[in-house]
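Taking it in order: structure first as structure tokens, then the write-up.
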Amino acid sequence: MSDLVNMKVTKAIKQTMPGLYSVLRQIYWMSRRQKPLTKLLGAKWQRSRDLIEVYITYKCNLKCINCDVSSRQAQSDEKMTIGQINKFIGESINAGVKWKKIRVMGGEPTLHSDILEILNLLLNYKETYSPDTRIQLITNGFGKVVNNILSQVPEKIEIENSNKRQPTSVFQLLILRLRIVYLINLRIIQMRVWLHHTAE
């Protein structure tokens, strides 16, 4: 029940204050990765047997330097087929797996030519076999094409939108990252600068 409440509160914040939500989310992720917080709270990423991330395409409309799936460095037109999605669903049902969460990811998953059909197949799995499964579509939310597809996504699909904006230069990206780091880790930055100067 608390997951449902958290989901509704998060959705309300996203809808009413998308800018604030995006900033708070960035602050959380940046601070959560720092060693002191990891030591205090434990490892952020735990192995999960009831969560799956399905990378349906590596195609992306951005060229982020820090891309987790190397969409910038190793561009590819590879994508999962409808047959592969059906096979995944069939194997899940045959194995008796009721996923807690299925995250549809990419590159940019909305660029997959069959994204709406894939989401409907996953919704069918949820409705007929595993009603407690949460289905999330992870998107960068950048551009008219992506936003057009997002407007067609069924309501029962949760959309995690990072609302990325393509910096026009590497310099702008660097400035943005430095601002975030500065706000979160002022003491760490000051310590590094001090150590650098004393080492000289």
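Each distinct pair of alpha carbons in the stretch 91-133 adds a 1/r term; the inverse of their mean, the Kirkwood radius, is 11.3 Å.
From the cross-link list 14/126; 11/164; 100/164; 11/144, which pairs have alpha carbons spaced over 20 Å apart? Kindly include the intermediate steps, with their values, before the conclusion.
Details: 14/126 24 Å; 11/164 18 Å; 100/164 27 Å; 11/144 22 Å.
Going by Cα-Cα distance, 14/126; 100/164; 11/144 fall outside the 20 Å limit.
Modelled label positions at residue 132 and residue 12, each set 7 Å beyond Cα in the direction of Cβ, lie 2.4 nm from each other.
Would you mind ranking 30, 17, 80 by Cβ crowding within 10 Å, fewest neighbours first?
On the way: 30 15, 17 12, 80 19.
Taking fewest neighbouring Cβ atoms as first place, the list is 17, 30, 80.
Rounded to the nearest whole angstrom, the semi-axes of the ellipsoid equivalent to the stretch 47-166, taken from the Cα gyration tensor as √(5λ), stand at 24, 15, 13, largest first.
Taken together, the values in this text are just the output of simple stated rules run on the coordinates, not laboratory data. Keep in mind that what you see is a predicted model, and the values were worked out from it rather than measured. No Cβ is skipped: glycine too gets one built from the backbone with ideal geometry, and neighbour counts run over all protein chains shown.
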